[in-house]
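Student: My questions will all concern the structure given below.
What follows draws every value from the coordinates through simple rules; no lab data is involved. These figures come from a predicted structure and were not determined experimentally. Cβ coordinates were reconstructed from backbone atoms using ideal geometry, including for glycine residues, and neighbour counts include every protein chain displayed.
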Amino acid sequence: MGLAKDDLVLEVGHDSDCDSTLRDQIMEITGTQFLEGSTSEVVDAVIIWWREGDGDLVDELMDALTYLSETGPIWVLTPKVGREGHVEPSDIQDAAPIAGLSVTSTIALAKDWTATRLVARKAGKR
């Protein structure tokens, strides 16, 4: 995921279905606790746990951008195919450019979760 020691990570959408092992591994790598939406910090990355029916992904991505450093990624974690709350990849691909983001990669990150990496589009690109 490209995270490093001392990175600040904002976590959105955490619930009981989230992968606790993955969360622990991320916090072990960064050595920091996850920040929540009430923070005023600029963060190095945002992790959004996103499920079908969670609302408007574009709005969530726009909110995440307000906390994110210029070079930080947003990771959208969605349930894998066949899991409750699965989100079609096209939903993320459609929402990203509206929020000014580009999809760079998608990886199987945990047993039940897929992660899609989004970054801000470079100025001047269309």
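Student: Mind grabbing the base-10 log of I(q)/I(0) for region 9-120 at q = 0.10, 0.14 Å⁻¹? Debye formula, identical points on the C-alpha positions, no solvent, two decimal places.
Tutor: -0.25, -0.51
Student: Something else now. Suppose R0 equals 30 Å; then what is the FRET efficiency for Thr104 and Asp24 from their Cβ-Cβ distance, rounded to the nearest 0.05? Present the calculation step by step, with values, prior to reporting the outcome.
Tutor: Details: r = 25 Å, r/R0 = 0.84.
E between Thr104 and Asp24, to the nearest 0.05, is 0.75.
Student: Just subtract the alpha-carbon distance of Glu36 and Ser90 from 0.36 nm times their residue separation and send over the number in nm, one decimal. Provide the component values of the computation, followed by the final result.
Tutor: Values: separation 54, 0.36 × 54 = 19.44 nm, distance 2.71 nm.
Extending this stretch completely gives an extra 16.7 nm.
Student: Ignoring everything except DSSP H segments at least 4 long, calculate the 222 nm mean residue ellipticity for the chain; use -39,500 (n - 2.57) per segment, divide by total residues, nearest 500. Can you show the working numbers first?
Tutor: On the way: 3 runs with 30 residues, N = 126.
That comes out to -7000 deg cm²/dmol.
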